[in-house]
1. Please list the helices of the chain that count as membrane-span-like by this rule: a mean Kyte-Doolittle hydropathy of at least 0.5 together with Cα atoms stretching 30 Å or more along the helix axis, each helix being a complete DSSP H run.
2. Given H placed on each backbone N at 1.01 Å, which residues far from Leu153 in sequence or on other chains put an amide H within less than 5 Å of it?
3. What list of ³J(HN,Hα) values in whole Hz, one per residue of region 247-259 in order, does the Karplus curve 6.51 cos²θ - 1.76 cosθ + 1.60 (θ = phi - 60°) give from phi, with Gly and Pro shown as x?
4. Which pairs, out of Lys59/Lys310; Lys214/Lys309; Lys59/Lys160; Lys55/Lys160; Lys152/Lys316; Lys267/Lys316, put more than 29 Å between their alpha-carbon atoms?
5. May I ask you to list the residues of region 62-100 whose amide nitrogen lies under 19 Å from a point 7 Å from Cα along the Cα→beta-carbon direction of Asn266?
6. Counting only other residues whose beta carbon sits under 13 Å from that of Ala256, what net charge do I get with K and R as +1, D and E as -1?
7. If R₀ is 35 angstrom, what is the calculated FRET efficiency for the pair Val65 and Thr296, using the beta carbon separation as r and rounding to 0.05?
8. Could you go through region 85-100 in sequence order and give the Karplus-derived ³J(HN,Hα) for each residue, using 6.51 cos²θ - 1.76 cosθ + 1.60 with θ = phi - 60°, rounded to whole Hz, and x for Gly and Pro?
Amino acid sequence: MFRHILRSLSVAALSLSAISAPALAQAWPNRPIQIIVPFPAGGPVDILARVLAPKISEKVGQPVVIENRGGGGGTIGIQAAVTAQPDGYTFGFGTHGALAALPHIMKVAYTLDDIQFLTVVARVPQVLAVSKESGINSFQDLLRMAKQSPGKLNYGSAGKATTTHLGGELIKQETGIDIVHVPYRGAAPAVIGLMSNDVQIFPADLSAVLEFVKSGKINAIAINGPKRADQLPNVPTTTELGFPNINVETIYGLIANKSVPSDIANKFREATVAAMNDPATKQQIANQGATASASTGDEYRQIMQAEFKKWGEVIKKGGITLD
């Protein structure tokens, strides 16, 4: 009788384990879902996430709330997202620097292999912005002035090892010019430095400078990539100007703990893609200087693996550190 009871319990346990994952996916979601944004409220990453959250909420039938967890250039929030309980109620907003650049120059508690990639959400081109007082009216002007006076022109960034810093370093490496890096504590103070001509150049995310370019407070002389920006159609690309390797964009996407069940991850991805395809939401994203851009999880992973390799080489060649 005792052996019969044990056998029955074992069968019951096996049956429960066999149905637990599908049952979990079927019941999901039955409470609010959070997206961890690895930067403070009010910045471009936070704004993009808050544009998407209400539409995702409509698709999944539960509130989608944003939790801002800044610090470490985004690495703290990324770590929180990929180590959260894998129950499908915590996702993260993946950011370029924290995934592809900072792991080369600081110790982080994750690798790309620890992350479940769901989809790219948005791509933000980098624009080469210049001060109105700099006398730089074109990319050719920049090269000429920099070669005539090595070390005299300054370029601002949103901080060390950000895409704005790395974009400037890539320009130096590809053109051979000598311009001096001036790091700021974020994009906003870098824009102020540009408008006051404390720095003459700012390789900025389009989202950070779009309104200032449109209002005529600063100039844009190039898009650092192969494709012109819809928001600034008259600004040439570095590819057009003869420098195809100057290709910089910030890529945002959704990530999760690697152990989140694939059924749940796929449902959340589908809801996010549907939200991105909503015309009003797509326009709101464009208004931020970004382009809505969905992908598969595998495509997102491959993109970040390529970016990780690319920026690792730039960082090594430039001797970039956080010191």
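Readers should treat all values here as calculations from the given coordinates under stated rules, not as data from a laboratory. Every value quoted in this text rests on a predicted model; they were computed, and no experiment measured them. As a convention, Cβ positions derive from the backbone with ideal geometry for all residues, glycine included, and neighbour counts pool all protein chains shown.
1. Those that pass (Cα extent of 30 Å or more, hydropathy at least 0.5) are 2-27.
2. Val180
3. Karplus-based 3J(HN,Hα) across region 247-259 equals 9, 9, 8, 9, 10, 10, x, 9, 10, 7, 4, 4, 8 Hz.
4. Values: Lys59/Lys310 36 Å; Lys214/Lys309 35 Å; Lys59/Lys160 38 Å; Lys55/Lys160 34 Å; Lys152/Lys316 24 Å; Lys267/Lys316 39 Å.
Exceeds cut-off: Lys59/Lys310; Lys214/Lys309; Lys59/Lys160; Lys55/Lys160; Lys267/Lys316.
5. Within reach of a label on Asn266: 87-89.
6. On the way: positive: Lys258, Lys267, Arg269, Arg301; negative: Asp87, Asp114, Asp263.
Computed value for this residue: +1.
7. For R0 = 35 Å, the calculated efficiency reads 0.85.
8. Using θ = phi - 60°, the values come out as 3, x, 9, x, 10, 9, 10, x, 9, x, 10, 4, x, 5, 9, 10 Hz.
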